[in-house]
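The values are calculated or read from the model by the stated rules, or taken from the named source; none is laboratory data. Note that the coordinates shown come from a computational prediction; the quantities given were computed from them, not determined experimentally. Positions of Cβ are generated from backbone atoms using ideal geometry, with glycine treated the same way; all protein chains shown enter the neighbour counts.
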Amino acid sequence: MDLTVLTIGEAAAALRRGDFSAAAYADALLARTATLATLNAFIHHDAQQVRAAARTADERRASGAALGALHGVPLALKDNLDTAGIATTAGTPGLRNNRPLRNAPVVQRLLDAGAIVFGKASLHELAYGITNHNAAFGAVRNPYDPTRIPGGSSGGVGAAVGARMVAGGIGSDTGGSVRIPAALCGVVGFRPSTGRWPQTGIVPISHTRDTAGPMARSVADCVLLDRVVTGSTDAPAISLQGLRLGVPRGHFWEHLDDEVAAPMASVLRLLREHGAVLVEADIADAPRLDAEAGFAIALYETVVDLDDYLAQHGSPLRYPELVAQVASPDVKGLLQGLLGDGAVPQAAYRHALDTLRPQLQAAYGRYFQEHGVAAMVFPTTPLPAVPIGHDETVRLNGQAVPTFATFIRNCSAATVAGIPGISLPAATTRAGLPLGLELDAPRHDDARLLAIARAVEAVLPAMPPPSC
């Protein structure tokens, strides 16, 4: 039996039954990870620590003690989540020696449920990008084509889950950083409503937009991880028959790569064939409000929030010293620009936060209510994974376009509004690269969104595993 293909739920149930030991499961994942080391998915990965934790899990089961929902299941954690005794680098040289005294609440809840830290996964430096081309720790490679990006900034988790090194993991999402790598690596990525998951103990970008979120190979596994972290109950099962889904053609379905447009059109036909009611309707002003509010909020809060994190962790560094050590040119240029004359004025920040963001939230609220749709559906990214090294511009249907802005285009507005979104593996290009379908729902309607995603997932074709 190939243990590496098991989902989190399957592995956890088998471990509780005693079908195999946690040590045997860990060994299978460790062997797979060693074989695929060139994907560079992890910044910190200690096989002996994993084996020791697995032995402890087996001893607990043998003792007859109660077992948690994640008993013996190793998970990949993005290396911006605090882990006690293990460096939390956020992928940047200035935090190489950052050893938190306690786990982030998200991490602690997973460990309390029996999970094992398999490793700290690589990320775009300080989570500020989507290629995961990290000049300090190396580029992460896509398991479906190692010459291409995995997406970011949670690209290490995406690559590890997609490559079957682990059954799941935890990333973070400020502008699409869970959903984009999920789409490009052929897995499920769920961004909860902002505030549903604790933010404490995560190297920040923006407290208004940041959230941790699960990445796995099934919606059921994301439901399980969400339940462990939040203590929530599952929503009732939902049928696609008669389910109203919004299709916002303006912006979200525009300017798609040819390799995305045709497969996504086929996905819409498939949903309609299974009874979904597709409502063609756009969200008024969403792109404009996102553009005007999103960066003003994130760039202002980055300076304040990083300084707060450094102070709370007893670091001798402050924002200028941390940024001075940034290795990736795209990140360093952006973050250094926030000092001095380049800083976002407080008045601009307050206008974005107090006026523009509420307008965007209201626009989303009206969209769902006036059109009677339970969720909206669109391609997670306008194009598939691109070759590593295209950090500034990429080609989209023959035109040079900015890499970062293009990949976050469909994901960003939801993060400013604070609504939940989930990316499902939905199709592949002719070359076999994964494509993601995103579903967004009203704020705090997370449980129902997950139920809708399970119904959609059930009719989508299974994503083939990578050949690596």
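Working only within region 418-449, note down all residues that are part of a helix (DSSP H, G or I) and either under 17 Å from the mean Cα position of the chain (by Cα) or of a type in the set (S, T, N, Q) (or both).
ASP446, LEU449, listed by residue number.
Just one of the numbered conditions (1) surrounded by 14 or more Cβ atoms within 10 Å (Cβ to Cβ); (2) more than 19 Å from GLY175 (Cα to Cα); (3) within 23 Å of the chain's Cα centre (by Cα); (4) modelled with pLDDT of 95 or more is not true of GLY231; which one?
Of everything listed in (1) surrounded by 14 or more Cβ atoms within 10 Å (Cβ to Cβ); (2) more than 19 Å from GLY175 (Cα to Cα); (3) within 23 Å of the chain's Cα centre (by Cα); (4) modelled with pLDDT of 95 or more, GLY231 misses just condition (1).
Please tell me if GLY250 is surrounded by fewer than 20 Cβ atoms within 10 Å (Cβ to Cβ), farther than 21 Å from PRO105 by Cα and touching a residue at least 24 places away in the same chain (Cβ under 8 Å).
Yes: the conditions hold for GLY250.
When the residues of region 153-195 are narrowed to those that are β-branched (Val, Ile, Thr) and under 17 Å from THR211 (Cβ atoms), which ends up surrounded by the most Cβ atoms within 10 Å (Cβ to Cβ)?
Per the criteria, the residue is VAL157.
Out of ILE8, ILE86, ILE43, report the one residue that is at pLDDT 95 or above, within 22 Å of the chain's Cα centre (by Cα), of a type in the set (Val, Ile, Thr) and farther than 23 Å from ALA182 by Cβ. Spell out how you get there, then give the answer.
On the way: ILE8 fails: farther than 23 Å from ALA182 by Cβ; ILE43 fails: farther than 23 Å from ALA182 by Cβ.
The match here is ILE86.
Let me confirm something: among VAL5, VAL50, which residue is under 27 Å from VAL223 (Cα atoms), out of contact with any helix residue (DSSP H, G or I) (no Cβ under 9 Å at 6 or more places or on another chain) and in contact (Cβ under 8 Å) with a residue 60 or more places away in the chain?
VAL5
Need the failing condition index for PHE137 against (1) among the aromatic types (Phe, Trp, Tyr); (2) within 19 Å of the chain's Cα centre (by Cα); (3) surrounded by fewer than 24 Cβ atoms within 10 Å (Cβ to Cβ), just the number.
With respect to (1) among the aromatic types (Phe, Trp, Tyr); (2) within 19 Å of the chain's Cα centre (by Cα); (3) surrounded by fewer than 24 Cβ atoms within 10 Å (Cβ to Cβ), PHE137 is out only on (2).
Within 21 Å of ALA385 (Cα to Cα) and surrounded by fewer than 24 Cβ atoms within 10 Å (Cβ to Cβ): which single residue out of PRO146, PRO214, PRO150, PRO198 fits that description?
None of the others qualify; the one that does is PRO146.
Under the condition of being hydrophobic (A, V, I, L, M, F, W, C) and touching a Phe, Trp or Tyr at 6+ places or on another chain (Cβ under 8 Å), which residue from region 50-72 is surrounded by the most Cβ atoms within 10 Å (Cβ to Cβ)?
Taking the candidates together, the pick is ALA54.
Take VAL277 and decide whether it is over 30 Å from ALA385 (Cα atoms) and touching a strand residue (DSSP E or B) at 6+ places or on another chain (Cβ under 6 Å).
Here the answer is yes, as VAL277 does meet what is asked.
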